[in-house]
Amino acid sequence: MEKKHYERPHIIKLETGMPGKFGMRNDSPPTTHIDGVAVKELVAGYGSPLFVISESTTRSVYRKAYKAFSTRYPKVQFAWSYKTNYLSAVCNIFHQEGSWAEVVSGFEYDKAVANGVDPAKIIFNGPGKSTEDLRKAAENGSLIHIDHLDELYTLTDLTGELTRKPLVAIRVNMDTGIYPMWDRFGFNYENGQAWDAINKIMMSGKLELVGLHTHIGTFIMSAGAYGIAASKLADLALGIKQKFNHDIRYIDMGGGFTSKNTLKGSYLPGSDTNPSFDDYAEAITSALVNSGFKPDNLPLLILETGRALIDEAGYIITTVIANKRLSTGRRATIIDAGVNLLFTSFWYQHPVTPAQGFSQYREENALYGPLCMNIDCVRDSITLPLLNKGEQLVIHYTGAYNLTQWMQFITLRPKVVLIDQDSKTHIIRESESVTSVSGFEKTPDYLNIIK
Ligand SMILES: *Cc1c(COP(=O)(O)O)cnc(C)c1O
């Protein structure tokens, strides 16, 4: 018989709490396994903290998203947003599913090429492309999304030295009813900047205008905003057709769809309230099919969805270091994963579940990471069962942005493990070591001696 889980004696004031809109709170069961692999086994084999990526979830979420769009519109293409998670194993799962690459820096561009992506299927976004980046992307026939006039002029100037005509789109920002408006990227629709950039490109004849792009923001909780954005891009495309008799090849709606996470301060969980892929797809494809495009001349619809495709597939397994009482008597639990690994906990209330069984007792609790830094708080307030030092918690929906924005601050980054579709585990990024981190440092000889 399995030994029962020990809980120390404990006295608390009974607080049933207020029922929510859907009745009394219903606590989730423990997460003892991820894709059939025991959490305890993962910790024994790979250590704690540990990042885990589920290949099955990654593929199934992608297929759900692709289906939502492809059942509503005949020409759909996803492009994986590298900055959301650029571990090569993750990128290549999306590339195997048919995704192109969407990159926002020279580093990401080179990484996509090294991953084996056809350069003609790389979309190069972002405000910070260097002249060298532009030259390389243009020569490779990649899709360059121009962010500002200085970039437009730099690229136009380069054409004198290039062996082929650069393929370009412009990034358009616009009022979609989402505020604050992201107007720092691209050319504005309402004030005429976007139309001005289009005219400049078309009149110069030196660049091939192949698309129109927008990315209205991130974690956009209104599907309707995408309908407005798609209508505005369609309007520009039809203007180009009318004035220049030129057909653009694609409309790129960017990313920004919500995952199942819950924004801090929300009353209801994101998994209940956030729009689904079907909601976004309905808004975007309706706007396009109801616009003036001729049926034999529909542009390709590109989606650069990042967060919504990978968040759910990511887990952090973490171990309880200590329990303590704050001056107010509140319980605080210290775990070995903090904001160094979970950057997104500044904005989202990630679900946290114990990795082992528990009884009916629970207590309101602050969940702190191991950093010696006051802002290292994973959850300000969460109701958890009683936990002992050495037991594990699983933090959910951590696949987006954490593996690109994590910090090395005072500790070393842990291993990342992929669980494949046969429940086999693979290390897809090794843990760091003192030498891997210090290896980049150079100490002048005279500072190498300490008397
Ligand atoms: C970050 C980014 C994306 C992905 O955004 P998500 O919110 O993760 O879907 C797509 N396109 C561009 C241009 C981006 O900067």
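The values are calculated or read from the model by the stated rules, or taken from the named source; none is laboratory data. What you see is a predicted model, and the numbers here were worked out from it, not measured in a lab. Here the Cβ is made from the backbone with ideal geometry for all residues, glycine too, and neighbour counts use every protein chain on show. Side chains included, ligands, DNA and RNA excluded: accessible areas come from the protein's heavy atoms. Shrake-Rupley method; radii C 1.70, N 1.55, O 1.52, S 1.80 Å.
Given Cα pairs under 8 Å that are at least 6 residues apart, what percent is the relative contact order of segment 55-310? Write out the running numbers ahead of the final one.
Values: 468 pairs, mean separation 52.0, N = 256.
Normalised by residue count, the contact order of segment 55-310 is 20 percent.
Can you tell me the dipole magnitude for segment 110-226 around its Cα centre, using point charges on the Cβ only (Lys, Arg +1; Asp, Glu -1), in Debye to the nearest 20?
Values: 11 positive and 15 negative charges, 54 e Å.
That gives segment 110-226 a dipole magnitude of about 260 debye.
Could you pull out the pairs from LYS206/LYS294; LYS83/LYS121; LYS111/LYS136; LYS260/LYS415; LYS165/LYS294; LYS75/LYS129 whose alpha carbons sit more than 22 Å apart here?
Violating the 22 Å limit, Cα to Cα: LYS206/LYS294; LYS260/LYS415; LYS165/LYS294; LYS75/LYS129.
Assuming a ≥ b ≥ c are the square roots of the Cα gyration tensor eigenvalues, decide whether the chain counts as rounded (a/c under 1.5), prolate (otherwise, with a/b larger than b/c) or oblate.
prolate
Among the aspartates and glutamates, select those whose C-alpha is under 17 Å from the C-alpha of LYS241, and discard any that sit fewer than 8 residues away in the same chain.
ASP196, GLU208, ASP296
Heavy atoms only, probe 1.4 Å: what % of the accessible area of the chain goes to carbon and sulfur, would you let me know?
Using a 1.4 Å probe with all protein chains present, the chain comes out at 54 percent carbon and sulfur.
Return the percentage of antiparallel bridges among DSSP beta bridges fully within the chain, rounded to the nearest 5 %.
Taking every DSSP beta bridge with both residues in the chain, the antiparallel ones total about 45 percent.
Over the chain, with the other protein chains present, what is the accessible area per residue in square angstrom, probe 1.4 angstrom?
Numbers: 21190 Å² over 451 residues.
Dividing the accessible area of the chain by its residue count gives 47 Å².
Please give the net charge around VAL339, taking every other residue with its beta carbon less than 12 angstrom from that of VAL339, where Lys and Arg add +1 and Asp and Glu add -1.
0
Report Rg(Cα)/(2.2 N^0.38 Å) for segment 166-251, keeping two decimals.
Here the answer is 1.08, to two decimals.
In segment 58-98, which residues have a backbone nitrogen under 15 Å from the label point lying 7 Å from GLN405's Cα in the Cα-to-Cβ direction?
Under 15 Å, as judged by backbone N against the label point of GLN405, lie 82-86 of segment 58-98.
Between segment 155-181 and segment 112-137, how many Å separate their Cα centres?
Cα centroid to Cα centroid, the span is 13 Å.
Mind checking which lysines have their C-alpha under 16 Å from LYS243, skipping anything on the same chain fewer than 8 residues away?
LYS200
When Lys and Arg each count +1 and Asp and Glu each count -1, what net charge do the other residues less than 12 Å away from ASN388, Cβ to Cβ, add up to?
Its environment carries a net charge of 0.
Quote the accessible area belonging to TRP100 in square angstrom, nearest 10, computed with a 1.4 Å probe and with ligands, DNA and RNA left uncounted.
Here the accessible area works out near 40 Å².
Show that you can apply the helix-only estimate: for the chain, add -39,500 (n - 2.57) for every DSSP H stretch of four or more residues, divide by all residues, and state [θ] at 222 nm to the nearest 500. Display every interim value, and only then the final one.
Details: 13 runs with 124 residues, N = 451.
After summing the helix terms and dividing by residue count, I get -8000 deg cm²/dmol.
Which whole-Hz ³J(HN,Hα) couplings does segment 188-202 yield from phi under the Karplus relation 6.51 cos²θ - 1.76 cosθ + 1.60, θ = phi - 60°, glycine and proline marked x?
Rounded to whole hertz, the list is 6, 7, 5, 8, x, 4, 5, 5, 4, 5, 4, 4, 4, 5, 5.
Within the chain, what's the longest stretch lacking GluC sites (Glu not before Pro) that sit in DSSP loops with no more than 11 other Cβ atoms inside 10 Å?
162-429
Report the normalised scattering of segment 55-310 as log10 I(q)/I(0) at q = 0.09, 0.13, 0.15, 0.17 Å⁻¹, calculated by the Debye formula with identical scatterers on the alpha carbons.
Results for segment 55-310 at q = 0.09, 0.13, 0.15, 0.17 Å⁻¹ read -0.37, -0.80, -1.08, -1.39.
With an 8 Å cut-off on Cα pairs and a minimum separation of 6 or more residues, tell me the relative contact order of segment 88-230 in percent.
Across segment 88-230, relative contact order equals 18 percent.
Quick one: net charge of TYR62's neighbours, Cβ under 12 Å, K/R +1, D/E -1?
Residues near TYR62 contribute +1 overall.
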